[in-house]
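The values are calculated or read from the model by the stated rules, or taken from the named source; none is laboratory data. On a predicted model such as this, the values are computed, not experimentally measured, just so you know. Cβ placement follows ideal geometry from the backbone for every residue including glycine, while neighbour counts extend to all protein chains displayed.
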Amino acid sequence: MPRILAIDYGLKRTGIAVTDEMQIIASGLTTIPSETVLSFLMEYFSKEKVGKVLIGEPKQMNGEPSESAPIIEVFVAKFKQTFPDMPMERVDERFTSKMAFQTMIDSGLKKKQRQNKALIDEISATIMLQDYLSRKMF
């Protein structure tokens with residue numbers, strides 16, 4: 001079974017998470033500079049079988065697109081152009097950064113470690129992917 005990959009795209013950094021081959025467990029893969037995402041994905045797709053990509057859709061509390069939405073829309077268009085045959089789905093990413101930070105606290109990371117924004121982005125992508133997997137099972 002192919003993996004599912006999740007992308008938490010940001011202006012500076014992008015968190016990436018991936019499932020195992022059975023699509024049961026979501027794990028953080030990496031955080032990379034946003035300008036390198038497409039080249040990273042090209043290399044990753046050449047090595048690993050990926051059946052679907054999830055891209056976070058930032059929304060405000062009222063469901064309207066957040067102010068970062070236009071930046072992500074540009075990335076989504078480039079993604080579709082670069083990988084026209086790759087199934088892609090947008091998923092709500094509200095609260096993932098807050099949940100990621102809380103996860104870091106709950107796991108006992110020290111204050112200095114919790115300031116690592118790259119780790120927050122990777123955990124956010126993992127939460128987004130795990131939430132998708134949970135909903136897919138029912």
Answer yes or no as to whether ILE24 is touching a Phe, Trp or Tyr at 6+ places or on another chain (Cβ under 9 Å), at pLDDT below 95 and either assigned to a loop (DSSP other than H, G, I, E, B) or farther than 25 Å from MET1 by Cβ (or both).
no
Go through (1) farther than 14 Å from ARG90 by Cα; (2) in a helix (DSSP H, G or I) and name the single condition ILE72 misses.
(1)
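Would you point out the residue of the range 38-78, among those that are among the hydrophobic types (A, V, I, L, M, F, W, C) and free of Cβ contacts under 8 Å to residues at least 24 places away in the same chain, that is surrounded by the most Cβ atoms within 10 Å (Cβ to Cβ)? Full working, then the answer.
Step one: list which residues in the range 38-78 are among the hydrophobic types (A, V, I, L, M, F, W, C), which gives 38, 40-42, 45, 50, 53-55, 61, 69, 71-72, 74-77.
Filter once more, so that each one left must be free of Cβ contacts under 8 Å to residues at least 24 places away in the same chain: 69, 74, 76-77.
Working: ALA69: 15, VAL74: 11, VAL76: 17, ALA77: 10.
My answer is VAL76.
For the range 14-29, name all the residues that are farther than 11 Å from THR126 by Cβ and either among the aliphatic types (A, V, I, L, M) or surrounded by fewer than 18 Cβ atoms within 10 Å (Cβ to Cβ) (or both). Give the derivation first.
Filtering the range 14-29 down to residues farther than 11 Å from THR126 by Cβ leaves 14, 20-24.
Across the range 14-29, the qualifying residues are ASP20, GLU21, MET22, ILE24.
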Does any residue in the range 14-34 that is closer than 13 Å to LYS52 by Cα come within less than 7 Å, Cβ to Cβ, of a residue that is surrounded by fewer than 18 Cβ atoms within 10 Å (Cβ to Cβ) and among the small types (Gly, Ala, Ser) six or more places away or on a different chain, and which pairs are these?
ALA17/SER27; VAL18/SER27
Has the range 60-76 got any residue that is closer than 19 Å to ASP121 by Cα, in contact with a helix residue (DSSP H, G or I) (Cβ under 7 Å, 6 or more places away or on another chain) and charged (D, E, K, R)?
no
Would you check if TYR44 is among the hydroxyl-bearing types (Ser, Thr, Tyr) and touching a Phe, Trp or Tyr at 6+ places or on another chain (Cβ under 7 Å)?
no
Scan of the range 45-91 for residues that are more than 16 Å from the chain's Cα centre (by Cα) and closer than 22 Å to SER27 by Cβ, ordered by number
SER46, LYS47, GLU48, LYS49, PHE83
